[in-house]
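To keep things clear, I will list the structure first and then write my remarks on it.
The values are calculated or read from the model by the stated rules, or taken from the named source; none is laboratory data. Small disclaimer: the values here were computed from a predicted structure and weren't measured. All Cβ positions, glycine included, derive from the backbone under ideal geometry; neighbour counts span all protein chains shown.
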Amino acid sequence: MEHVPIYQKVTLTIREAAEYSNIGINKIDAMLKQPGCPFVPYIGNRKLVKRREFENYISGKVVISLLTRH
């Protein structure tokens, strides 16, 4: 199987999205858990990241923050 560069993939793993965006794995996972997240498809119970939608989302943000409950 031929290696496909991250920038050419349609979907990314959380680890690939973290590497691609320089955002931490935990932060991306938390983003994917938010209701109505525009860039998360579920394949079974596995979460992936839609690369283009993720790029559009982060390019439109100045600050990425999440409210967390303790």
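For this structure, a couple of remarks:
- In the range 1-30, residue nearest to the chain's Cα centre (by Cα) [restricted to those that are under 13 Å from E53 (Cα atoms) and among the aliphatic types (A, V, I, L, M)]: A17
- Scanning the range 42-53 for residues being modelled with pLDDT of 95 or more and not in a strand (DSSP E or B) gives a total of 4.
- Tabulated pairs, the range 51-63, first under 19 Å from A30 (Cβ atoms), second polar (S, T, N, Q) and in a helix (DSSP H, G or I), C-beta under 7 angstrom, 6+ apart or interchain: I58/S21
- Those residues of the range 13-41 which are outside any loop (DSSP other than H, G, I, E, B) and within 17 Å of S59 (Cα to Cα), in sequence order: A17, A18, E19, Y20, S21, K27, I28, M31, L32
- Residue-level analysis places Y57 outside the set of residues that are in contact with a strand residue (DSSP E or B) (Cβ under 8 Å, 6 or more places away or on another chain), surrounded by 10 or more Cβ atoms within 10 Å (Cβ to Cβ) and of a type in the set (F, W, Y).
- Subset of the range 42-52 (residues that are more than 8 Å from the chain's Cα centre (by Cα) and surrounded by 14 or more Cβ atoms within 10 Å (Cβ to Cβ)): K47
- Considering residues of the range 1-23 that are surrounded by 10 or more Cβ atoms within 10 Å (Cβ to Cβ) and of a type in the set (A, V, I, L, M, F, W, C) only, the residue modelled with the lowest pLDDT: I6
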